[in-house]
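Peer 1: Dumping the structure here so I can ask a few things about it.
Bear in mind these aren't lab numbers, they're just calculated from the coordinates by the rules spelled out. Here the structure is a predicted model, which is why all the values come from computation and not from measurement. Neighbour counts run over all protein chains shown; Cβ positions are idealised from the backbone, glycine included.
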């Protein structure tokens with residue numbers, strides 16, 4: 001990682017998109033940062049975590065228990081006047097939506113930016129191919145879309161300025177290809193640190209309490225803010241017209257945004273075409289007047305965007321509204337599923353412009369063998385799988401999956417997962433299945449970080465409504481899937497400065513010299529679980545026997561299989 005605290009204006013350093021977001025926040029004077037790790041946004045939290053270990057960094061950073069608590073912490077900091085950044089992946093917005101929608105109504109006191117990283121093609125996602133641009137319509141939140149790391153930094157700073165001017169949270173929406181690009185990024189000056197100054201919460205019920213009839217006034221104020229921001233968007237330099245010109249007098253043009261702009265540029269170069277492009281940095285609110293001016297004189301426009309045709313629908317409505325007789329082309333030439341590739345965009349532009357183009361297929365004499373992803377060698381989860389297979393007939397037991405490394409239980413080479421939806425749902429759905437069926441056996445798998453994120457309410461509901469699944473909490477003492485970020489159940493040696501992915505390799509709950517913030521088994525007991533065992537899964541005979549015993553119980557049973565992630569244990573030696 002480059003030195004992001006380097007205060008050398010006009011110097012260029014190579015940064016990931018996520019690292020550029022961190023630098024933009026630093027250049028903006030960010031004071032409070034909260035996040036829950038989720039790829040492709042994980043490096044934002046990882047980088048701030050490392051910075052927080054540097055004595056030169058005076059701001060506050062935390063890994064929160066989930067995205068809702070991260071946003072709520074950020075809201076509290078914003079209400080106290082601090083410049084605040086909250087980061088998450090797309091599914092995190094679903095988790096924090098209860099807090100996000102009223103926060104947009106109350107507005108901010110300290111400028112606040114919410115970074116959301118989408119994952120088209122689901123490279124690091126299992127739940128759905130979500131498009132966070134849709135929240136613009138639900139939440140009325142301003143959304144900026146950078147295309148590369150330099151824009152990540154610059155747009156992040158602009159987002160803070162918009163938030164400060166209009167007292168509204170602003171969303172910076174990236175995608176995997178934006179988050180994980182590298183390029184030289186031009187630095188600006190870091191501000192004189194005010195980060196050590198405490199915030200101050202000043203009581204203001206009119207602004208901070210969402211309650212009828214005041215909440216309806218807030219909505220009116222919100223819509224007025226959006227219209228004012230639209231005026232700013234009309235003149236913003238992040239909405240640019242590139243390659244002024246036309247093709248053979250046919251008056252063709254392209255409108256695009258984010259990473260799709262880079263794909264479009266590469267495709268036009270491949271086709272040797274010079275078509276006018278309107279690149280939109282503002283997704284919400286859209287600069288309608290600028291779009292209308294761009295459309296004038298064109299007979300046909302191609303909308304290049306990933307996933308759902310939000311821009312295309314807006315353009316169709318805008319063309320109708322302005323009586324603009326223009327043909328709008330989009331998803332009839334481009335896929336609505338998966339991220340766009342330059343060759344896909346090139347083929348679409350070729351058809352759009354009636355240009356000859358063929359994708360070159362390279363044939364190899366040998367085909368690579370198809371291999372499914374699997375758990376790491378030495379992963380303690382292998383021992384859990386082994387014990388489960390020894391204890392039960394996998395064909396006669398339902399296996400509930402959750403979000404974490406153990407998602408791989410569902411791969412064809414293992415076939416130990418019968419449903420998978422979202423964080424915490426292994427337990428919640430297990431309860432529903434047990435209530436809906438007569439005597440079917442069920443084992444729900446959930447990790448330590450995921451249990452703390454969203455599993456506790458599901459466990460309480462299962463106990464309260466008298467269900468009896470067997471829940472196996474896979475405690476590998478870290479948030480492993482996203483890069484070994486800390487969670488409250490990880491052990492830390494008291495008064496010892498820890499490194500990233502901290503823990504004690506010899507940890508057992510409440511052991512001498514260690515003090516995890518949360519003891520998982522204490523939570524499970526407090527929820528009312530009577531059938532509970534903490535087992536090192538290396539002890540196969542004990543684990544197999546406990547699985548057989550607990551599966552026959554008429555009440556909820558919990559096994560905590562505790563052994564450190566093998567990669568983390570190796571790094572600590």
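Peer 1: With label points built 7 Å along Cα→Cβ from the Cα atoms of residue 182 and residue 217, find their separation and express it in nm.
Peer 2: Roughly 5.4 nm, to one decimal.
Peer 1: Could you work out the relative contact order of the stretch 240-353, using alpha carbon pairs under 8 angstrom and six or more residues apart, expressed as a whole percent?
Peer 2: RCO, the stretch 240-353: 31 percent.
Peer 1: Compute the whole-percent fraction of alpha carbon pairs in the stretch 240-353 spaced more than 24 Å apart.
Peer 2: Tail of the P(r) past 24 Å holds 15 percent of the pairs.
Peer 1: Further question on the same structure: Could you please rank 137, 419, placing first whichever residue has the fewest other Cβ atoms within 10 Å of its Cβ?
Peer 2: In order of increasing Cβ crowding within 10 Å: 137, 419.
Peer 1: On the first, second and third principal axes, largest extent first, how far apart are the outermost C-alpha atoms of the chain in Å?
Peer 2: So the three principal-axis extents are 78, 65, 51 Å.
Peer 1: Using Stokes-Einstein with the Kirkwood hydrodynamic radius over Cα pairs, what translational diffusion coefficient do you get for the stretch 378-451 at 37 °C and a viscosity of 0.692 mPa s, in µm²/s rounded to a whole number?
Peer 2: Diffusion coefficient, whole number: 261 µm²/s.
Peer 1: Out of the DSSP beta bridges found with both residues in the chain, what percent are antiparallel (nearest 5)?
Peer 2: Restricted to the chain, the bridges split so that about 20 percent are antiparallel.
Peer 1: Please arrange 541, 327, 130 by how many other C-beta atoms lie within 10 Å of their C-beta, fewest to most.
Peer 2: 541, 327, 130
Peer 1: Still on this model: Round to the nearest 10 and give me the degree value, 0 to 90, for the angle of helix 425-436's Cα axis relative to the longest principal axis of the chain.
Peer 2: 60
Peer 1: Once the Cα atoms of helix 42-52 and of the chain are each reduced to a long axis, what angle between those two axes, in degrees from 0 to 90 to the nearest 10, is obtained?
Peer 2: Its long axis makes an angle of about 80 degrees.
Peer 1: Compare the peptides 44-56, 63-75 by average per-residue count of other Cβ atoms within 10 angstrom and give them in order, highest first.
Peer 2: Result, highest mean Cβ count within 10 Å first: 63-75, 44-56.
Peer 1: How much mean residue ellipticity at 222 nm does the chain get from its helices, if each DSSP H run of length 4 or more adds -39500 (n - 2.57) and you divide by all residues, to the nearest 500 deg cm²/dmol?
Peer 2: So the calculated ellipticity at 222 nm is -11000 deg cm²/dmol.
Peer 1: What distance in nm separates the simple spin-label points at residue 189 and residue 209, each placed 7 Å from Cα in the Cβ direction?
Peer 2: Modelled inter-label distance: 4.4 nm.
Peer 1: Can you tell me, using C-alpha contacts under 8 Å and at least 6 residues apart, the relative contact order of the stretch 533-573 as a whole percent?
Peer 2: 49
Peer 1: Still on this structure: On a 0 to 90 degree scale, rounded to 10, what angle separates helix 149-166 from the longest Cα axis of the chain?
Peer 2: 90
Peer 1: I would also like to ask the following. Within 10 Å, count the other beta carbons around each residue, average over each peptide in 224-235, 345-356, 98-109, and list them highest first.
Peer 2: Those peptides, ordered most packed to least, come out 98-109, 345-356, 224-235.
Peer 1: On to the next question. Using a ≥ b ≥ c from the Cα gyration tensor of the stretch 157-196 (square roots of the eigenvalues), is it rounded, prolate or oblate, where a/c under 1.5 gives rounded and otherwise the larger of a/b and b/c decides, a/b for prolate?
Peer 2: Judged from the Cα gyration tensor, the stretch 157-196 comes out oblate (a/c at least 1.5, b/c at or above a/b).
Peer 1: Among 473, 535, what is the fewest-to-most ranking by other Cβ atoms within 10 Å?
Peer 2: So the ranking, lowest neighbour count to highest, is 535, 473.
Peer 1: Which log10 I(q)/I(0) values, to two decimals, does the stretch 12-234 give at q = 0.10, 0.11, 0.12, 0.18 Å⁻¹ under the Debye formula with one point per Cα?
Peer 2: Debye intensities relative to I(0), on a log10 scale: -0.40, -0.49, -0.59, -1.38.
Peer 1: What is the spin-label model distance, in nm, from residue 369 to residue 440 if the labels are put 7 Å beyond Cα along the C-beta direction?
Peer 2: Computed distance between label sites residue 369 and residue 440 equals 3.5 nm.
Peer 1: Would you mind calculating the relative contact order of the chain from Cα pairs under 8 angstrom and at least 6 residues apart, reporting the percent as a whole number?
Peer 2: Relative CO of the chain lands at 11 percent.
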